[in-house]
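Engineer: Dropping the structure in here first, questions after.
The values are calculated or read from the model by the stated rules, or taken from the named source; none is laboratory data. Everything quoted here is computed from the prediction, not taken from an experiment. Neighbour counts are summed over all protein chains in view; Cβ atoms, including those assigned to glycine, are modelled from backbone coordinates with ideal geometry.
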Amino acid sequence: MTVRKAIFPAAGLGTRFLPVTKAQPKEMLPLVDKPTIQYGVEEAIASGIEQVIMVTGGGKRAIVDHFDRSVDLEHYLRERDRGDLLQILAEVDRLSEQVDITYIQQKAPRGLGDAVWTARRLVEGEPCAVLLADDVILCENNPVLKQLIDAHAKTGATVLAVRRVPRSQVSRYGIIATNGSHDGLHEVTDVVEKPSAEDAPSDLAALGRYVITPAVFDELSRGTPGAGKEIQLVDAIKRTIGRHHVVALEFEGDYYDTGTVPGYLRANLMLAMKREELRGELEPLLRELLQNRD
């Protein structure tokens, strides 16, 4: 079946970014001048997704407001002849015209798997995508989600996005074990959550993009808690291995992990340096800071 729907789990408390996330959703923190979650919605649209399902929690109203029209702001800018800023607002408004955005609330912070399970009735038994807003992946020609959807169309499998990481960093990720590979597509035999460097079955880390089949929802329905006494999506995928096909795709694209403060700052700096109008001001500042860092 065609993958038409994408789940965006956006109910987390964002405790790593306190105090800014006390009243501001982590997903709305800006990368330069665009909230992180907008990058994911743009990727979903470019990948042919028809419906985005936002799984939110308390205090996430800003996400809804961002993708909604702001008539008062438009009126204010129009009166002041700020067509340049009206154009920016129009670009955001067009996102909700290109895809249906639906919101559903996770009742309690019970883990990523529970957030995905919350959207089950809206998915209606279809294969669907899952995108984590913390993981921003940019690819000009072929969005990462589209790469996964194409892999699912070819195999009918649950598909995980993976990338090779240094052995010293494997303890930060879910690491896959494989049994054969072809053209960057790996047969998954196991997923080990945050193993030590010595125990890791490979250096292939699962990052925040998935295409999951109804079999994964069947496992999530069991409500089996995992790490942190939360329901983990990777655990549900792992339990389908052997009965259902699971593959991992080494994707192409620039990956930015905004889920930690250092990663978020790095992503902002790298994306800003890619913009010509900002690079001219930032480059001499960075040189000055490096020269005077002591």
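Engineer: Residue under question is Ile104, and the condition is that it be over 17 Å from the mean Cα position of the chain (by Cα) and part of a helix (DSSP H, G or I); does it hold?
Structural biologist: Answer is no for this residue.
Engineer: Out of curiosity, is Ala44 closer than 19 Å to Pro143 by Cβ, in contact with a helix residue (DSSP H, G or I) (Cβ under 7 Å, 6 or more places away or on another chain) and either hydrophobic (A, V, I, L, M, F, W, C) or outside any strand (DSSP E or B) (or both)?
Structural biologist: Yes.
Engineer: Do you know which residues across the range 62-99 are touching a helix residue (DSSP H, G or I) at 6+ places or on another chain (Cβ under 9 Å), assigned to a loop (DSSP other than H, G, I, E, B) and more than 16 Å from Val41 (Cβ to Cβ)?
Structural biologist: The answer is Ser70, Arg82.
Engineer: Out of the residues in the range 1-22 that are hydrophobic (A, V, I, L, M, F, W, C) and assigned to a helix (DSSP H, G or I), which is farthest from Val211 (Cα to Cα)?
Structural biologist: The extreme case among them is Val20.
Engineer: What number goes with the only condition from (1) surrounded by fewer than 19 Cβ atoms within 10 Å (Cβ to Cβ); (2) in contact (Cβ under 8 Å) with a residue 24 or more places away in the chain that Gly263 does not pass?
Structural biologist: (2)
Engineer: Follow-up. Go through the range 125-196 and tell me which strands (runs of 3 or more DSSP E), entirely inside it, have 3 or more residues that are in contact with an Asp or Glu (Cβ under 7 Å, 6 or more places away or on another chain) and surrounded by 22 or more Cβ atoms within 10 Å (Cβ to Cβ).
Structural biologist: Here the list is empty.
Engineer: Going by the conditions given, is Pro25 crowded, with 18+ Cβ neighbours inside 10 Å and within 22 Å of Ile231 (Cα to Cα)?
Structural biologist: Here the answer is yes, as Pro25 does meet what is asked.
Engineer: Criterion first (at pLDDT below 90, crowded, with 18+ Cβ neighbours inside 10 Å and in contact with a helix residue (DSSP H, G or I) (Cβ under 9 Å, 6 or more places away or on another chain)) does Ala11 satisfy it?
Structural biologist: Spelling it out, Ala11 is indeed at pLDDT below 90, crowded, with 18+ Cβ neighbours inside 10 Å and in contact with a helix residue (DSSP H, G or I) (Cβ under 9 Å, 6 or more places away or on another chain).
Engineer: Please go through (1) in contact with a helix residue (DSSP H, G or I) (Cβ under 7 Å, 6 or more places away or on another chain); (2) farther than 18 Å from Glu43 by Cβ; (3) hydrophobic (A, V, I, L, M, F, W, C) for Val159 and return the number of the only condition it doesn't satisfy.
Structural biologist: (2)
Engineer: Answer yes if at least one residue in the range 225-235 is without any contact (Cβ under 8 Å) to a residue 24 or more places away in the chain, surrounded by fewer than 21 Cβ atoms within 10 Å (Cβ to Cβ) and outside any strand (DSSP E or B), and no otherwise.
Structural biologist: The answer is yes; a qualifying residue exists.
Engineer: Still on this structure: Considering each of Val192, Val162 in turn, give the residue that is at pLDDT below 90 and among the β-branched types (Val, Ile, Thr).
Structural biologist: Val192
Engineer: For Glu50, state whether it is of a type outside the set (Val, Ile, Thr), touching a helix residue (DSSP H, G or I) at 6+ places or on another chain (Cβ under 8 Å) and modelled with pLDDT of 95 or more.
Structural biologist: When the stated conditions are applied, Glu50 does not pass them.
Engineer: Which one is farthest from the chain's Cα centre (by Cα) among residues in the range 202-216 that are farther than 18 Å from Thr155 by Cα and surrounded by fewer than 20 Cβ atoms within 10 Å (Cβ to Cβ)?
Structural biologist: Per the criteria, the residue is Ser202.
Engineer: Sort out which residues of the range 71-100 are among the polar types (S, T, N, Q) and under 15 Å from Lys34 (Cα atoms), and write them in order of number.
Structural biologist: Gln87
Engineer: Could you list, in sequence order, the residues of the range 103-114 that are of a type in the set (S, T, N, Q) and in contact with a helix residue (DSSP H, G or I) (Cβ under 6 Å, 6 or more places away or on another chain)?
Structural biologist: Gln106 - this is the single residue of the range 103-114 that is of a type in the set (S, T, N, Q) and in contact with a helix residue (DSSP H, G or I) (Cβ under 6 Å, 6 or more places away or on another chain).
Engineer: How many of the residues in the range 67-98 are touching a residue at least 12 places away in the same chain (Cβ under 8 Å), of a type outside the set (S, T, N, Q) and surrounded by fewer than 19 Cβ atoms within 10 Å (Cβ to Cβ)?
Structural biologist: 10
Residues checked against (1) more than 28 Å from Thr158 (Cα to Cα); (2) over 15 Å from the mean Cα position of the chain (by Cα):
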position	(1), (2)
Phe17	yes, yes
Pro25	yes, no
Met28	yes, no
Leu31	yes, no
Tyr39	no, no
Gly48	no, yes
Ile53	no, no
Thr56	no, no
Arg69	yes, yes
